[in-house]
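Every number here is computed from the coordinates shown, using simple stated rules; none is lab data. Computed from a prediction, not measured in an experiment: that's the story for all the values here. When we count neighbours, we look across all protein chains shown, and the Cβ atoms used for this are built from the backbone with ideal geometry, even at glycine.
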Amino acid sequence: MLHQNRLMPFFPGLPRTPNAPDGLVARSACPLRARTTQSGYFFSVGYYISLPYEDSFQNFRFIAECGVLAMVARNLKRILIISSILFCLVSCGYHFSGEGQGPKPGLRYIAIPVFKNNTSEPDAGAIFAGALRQEFIRKGTMKVVPIEDAEAVFKVTIKQIGIQAVAHNPVHLVSNRITVENRLFVTLDIRCEDKASHKVLWADPSFRYFKIYQVSDNTLKPDPITGFENRQGALSFLADEMATRIHDRFLSNF
């Protein structure tokens, strides 16, 4: 047990009560709460202190104010830490997706010719190049022009278009399992060059993305037309999604 007067260095607002019994008798399980008893209060600091009734309110207000100040200090510390992190991210060049001036500030006119296609997929070069053109036109960040009027030119090669089976269904009437879902993936080699100097402004030699599509919804009678249409839909999705990501990364220079 500690006498109340020994708490004075920590709580200078508490009056000295030499005739009171030991002031510190128990911890409160509920901080920031106060309730009356026969001889005093439970204060927010969690200790029961025996005080005369005429001094109780002043001391309770003092301790409550200390609790509020401590809470404000903790919140202020969190705000300062978060602000410092955000400042560091901005100063290091991080931007939100799709924002920025690109790898060359002041760049306004770009050309996006048909992609070189090293796969057996027909018209893939035109499909993916068209999706990228539409992305720049739709967002209006830079103007898409013919090569002779451009300041920078995108040179993209479709390196690979592949399929991987990801889901099967067992069929009792045949010896093999039937594939019901495939993963379609596309790999691009992307470069954007300054037209005058041929300097590479931005590049990603192995940009890959994938889409899972359903081959058939009937394992006993697979429909090849349904599988082909779903595959073409997945390819169209990849063209649009990869165009969005190329556009945003190019402007963020990431």
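Please work out the FRET efficiency for the pair residue 225 and residue 109, using the Cβ-Cβ distance as r and a Förster radius of 51 Å; give the result to the nearest 0.05.
Rounded to the nearest 0.05, the efficiency is 0.75.
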- May I ask which of 139/195; 155/211; 116/143 have a Cα-Cα span longer than 32 Å here? none
- Whole-percent pair-distance distribution, where bins are 5 Å wide, for the alpha carbons of segment 99-254: 2, 9, 17, 19, 15, 11, 8, 6, 5, 4, 2, 1, 0, 0
- Task: Give me 206, 252, 120 ranked fewest to most by other Cβ atoms within 10 Å of their Cβ, as a rough exposure proxy.
- Result: 120, 206, 252
